Amino acid sequence: MNKRKTIGLVMLIIGIVFMICFFSFTNIFEQLNDTLCFILTVISVVCIIWGIGILVFKTPEEHFKEQAIKNEENIKINKYYKYKPIMTYILIGINVLMFVLINMTHGNEEVLKYAISKDNFEFYKLFTSMFTHADETHLIFNMLVLYICGSKLESLIGNIKYVIVYMLSGLGASILIVLLSNNPCVGASGAIFGLFGCYLLIAFKNRNIMKYTYKYDLLPTIVLNLIVTFAIPNISIIAHVGGLIIGIVCSQILCRKFILE
């Protein structure tokens with residue numbers, strides 16, 4: 001990450017941290033002068049917008065450099081995409097089917113019956129919570145990420161290892177929620193973060209060939225998703241971080257010999 005991107009990331013973190021503090025310690029801020037609160041809020045919003053702008057938008061030089069690295073990687077790595085991402089499509093289909101059967105048929109409130117939590121644990125919810133989603137936005141975002149990340153990873157490591165990583169990460173995240181959280185949780189995010197972790201370790205080990213995937217694609221995506229995880233309320237930090245770690249462990253066990261030459 002160059003100096004410009006580092007500045008953008010720091011500004012984004014500063015803005016988000018202030019907003020979290022503002023909503024978490026409302027009583028303290030209420031004692032401050034209204035004008036001062038307004039100025040601090042404006043500064044934090046500007047930091048967030050400016051930070052995102054720096055991270056998202058690239059200079060012509062950065063774009064040219066990244067494109068050259070990407071083209072070089074594509075030439076080297078295309079021969080390693082040996083498997084069709086069949087299981088990715090099947091998993092997306094299962095998630096969509098569950099949404100139709102639960103949310104569209106009975107309403108979003110019905111999802112709570114299939115959610116996993118410490119206070120309302122039943123064994124089958126370890127599985128159902130992985131394939132149910134709170135609403136349309138939750139489903140669409142997760143399935144989009146699953147398609148983009150999952151199809152590439154499955155094409156590299158194969159269908160069986162891919163499903164094992166997905167299921168172990170999702171189940172592991174569900175178990176961690178049962179052990180550590182009282183809040184009900186649903187969604188494929190734990191499993192998807194597991195795919196992130198698996199893919200990240202593979203890209204890191206093969207960064208001589210997968211430089212673009214590691215440096216410009218996966219790493220920024222994971223960092224940004226973790227920032228969002230900690231910044232936005234009602235997102236399960238335990239599921240996301242737990243899934244990521246489990247995915248890395250699975251990658252080390254199942255794909256330790258996966259070295260591109």
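The values are calculated or read from the model by the stated rules, or taken from the named source; none is laboratory data. These numbers come from a predicted model, not from an experiment. Quick reminder, even Gly has a Cβ in these numbers, built from the backbone with ideal geometry, and neighbours come from all protein chains shown.
Just to be sure I understand, how many residues within segment 129-148 are buried (at least 18 other Cβ atoms within 10 Å of the Cβ) and either among the acidic types (Asp, Glu) or outside any loop (DSSP other than H, G, I, E, B) (or both)?
The total comes to 9.
Is it true that some residue in segment 204-218 is among the β-branched types (Val, Ile, Thr), in a helix (DSSP H, G or I) and over 28 Å from residue 65 (Cα atoms)?
no
Each row is one residue, and each column tells you yes or no for (1) at pLDDT below 95; (2) on the phi > 0 side of the Ramachandran plot; (3) not assigned by TED's automatic domain parsing to the domain that holds residue 49; (4) not polar (S, T, N, Q).
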residue: 152; (1), (2), (3), (4): yes, no, yes, yes
residue: 167; (1), (2), (3), (4): no, no, yes, yes
residue: 172; (1), (2), (3), (4): no, no, yes, yes
residue: 193; (1), (2), (3), (4): no, no, yes, yes
residue: 197; (1), (2), (3), (4): no, no, yes, yes
residue: 208; (1), (2), (3), (4): yes, no, yes, no
residue: 216; (1), (2), (3), (4): yes, no, yes, yes
residue: 225; (1), (2), (3), (4): yes, no, yes, no
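Can you tell me which residue among 70, 82, 5 is touching a helix residue (DSSP H, G or I) at 6+ places or on another chain (Cβ under 8 Å), surrounded by fewer than 11 Cβ atoms within 10 Å (Cβ to Cβ) and at pLDDT 75 or above?
Of 70, 82, 5, the one residue that is touching a helix residue (DSSP H, G or I) at 6+ places or on another chain (Cβ under 8 Å), surrounded by fewer than 11 Cβ atoms within 10 Å (Cβ to Cβ) and at pLDDT 75 or above is 82.
Could you check how many residues of segment 249-261 are assigned to a loop (DSSP other than H, G, I, E, B) and loosely packed, with under 14 Cβ neighbours inside 10 Å?
4
Would segment 40-56 turn up any residue that is under 30 Å from residue 184 (Cα atoms) and not assigned by TED's automatic domain parsing to the domain that holds residue 207?
yes
Yes or no: residue 192 buried (at least 16 other Cβ atoms within 10 Å of the Cβ) and either in contact (Cβ under 8 Å) with a residue 60 or more places away in the chain or among the basic types (Lys, Arg) (or both)?
no
I'm trying to understand the selection: among the residues of segment 100-128, which are in a helix (DSSP H, G or I) and under 17 Å from residue 236 (Cα atoms)?
111, 112, 114, 125, 126, 127, 128
In segment 47-73, which residues are aromatic (Phe, Trp, Tyr), assigned to a helix (DSSP H, G or I) and within 27 Å of residue 14 (Cβ to Cβ)?
50
From the list 235, 246, 227, pick out the single residue that is among the aliphatic types (A, V, I, L, M), surrounded by 21 or more Cβ atoms within 10 Å (Cβ to Cβ) and over 17 Å from residue 80 (Cβ atoms).
Answer to the selection: 246.
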